[in-house]
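Okay, structure first, notes after.
Derivation of every value follows stated rules applied to the coordinates shown; laboratory data play no part. Not measured: the values here are computed from a predicted model. Heads up, the Cβs are rebuilt from the backbone with ideal geometry, glycines too, and the neighbour counts pull from every protein chain shown.
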C-alpha cells in the first residue's frame with residue numbers, strides 16, 4: 001500500500017511509483033462504476049497512468065467504459081476479479097494470460113502488459129484472427145477479408 005498524503009487522490013503520481021518498481025496500475029469495480037471510477041478513468045487514462053481495468057466482476061461483464069477508451073485509442077488491458085465473500089466464489093471470474101510454452105510469473109506479467117489476455121467466468125477460449133493470437137494488433141483496410149478460428153472448452157473451475 002502506497003498512500004503518501006501529499007499526493008492523495010493523484011492516482012497518476014502514485015501509479016508512477018508502482019511502475020518505477022516494475023508494477024502495473026489499474027482500476028477495479030469498473031462494472032459497478034463504484035467509487036467515482038468513471039471520473040477517475042477520465043482523468044488518469046489520458047495521462048497514461050492506467051494499464052488495466054477490471055471489466056468482469058461478480059458475474060457481470062461490463063465493457064462500456066473499456067470500449068469507450070479503446071475507441072479513443074487507449075490500449076487498456078482487461079482483467080477480472082472478485083470481492084470474496086461478496087456475490088461470487090473465489091475463481092469465479094478469471095483472466096487468463098497467454099504466456100507461451102514456459103510458464104513463469106515474470107512471463108505472465110510481461111504478456112499481461114502486452115494485452116495477451118482475456119477474461120471469463122465460463123469457458124476457456126482460444127482464437128486467432130488472420131493467424132494472429134489474442135492481444136495482437138490487427139490493421140485492416142475497408143474490404144479486407146478476415147479469418148477467425150475459435151474454440152471453447154469447459155473451464156477447469158466450475159463457478160456454479
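There is at least one residue in region 109-122 that is more than 24 Å from residue 39 (Cα to Cα), out of contact with any strand residue (DSSP E or B) (no Cβ under 7 Å at 6 or more places or on another chain) and part of a helix (DSSP H, G or I). Among the residues making up region 7-29, a single one is over 26 Å from residue 106 (Cα atoms) and touching a helix residue (DSSP H, G or I) at 6+ places or on another chain (Cβ under 6 Å): 7. Within region 20-56, being without any contact (Cβ under 8 Å) to a residue 24 or more places away in the chain and not in a loop (DSSP other than H, G, I, E, B) holds for 20, 39, 42.
When residue 106 is tested against (1) outside any loop (DSSP other than H, G, I, E, B); (2) on the phi > 0 side of the Ramachandran plot, just one condition goes unmet, and that condition is (2).
Of all residues in region 49-101, those being surrounded by 21 or more Cβ atoms within 10 Å (Cβ to Cβ), under 17 Å from residue 113 (Cα atoms) and over 12 Å from the mean Cα position of the chain (by Cα) number 1.
Among the residues of region 93-103, write down those that are over 14 Å from residue 134 (Cα atoms) and in a loop (DSSP other than H, G, I, E, B).
If the condition is that a residue be over 14 Å from residue 134 (Cα atoms) and in a loop (DSSP other than H, G, I, E, B), then 93, 101, 102, 103 are the ones that fit.
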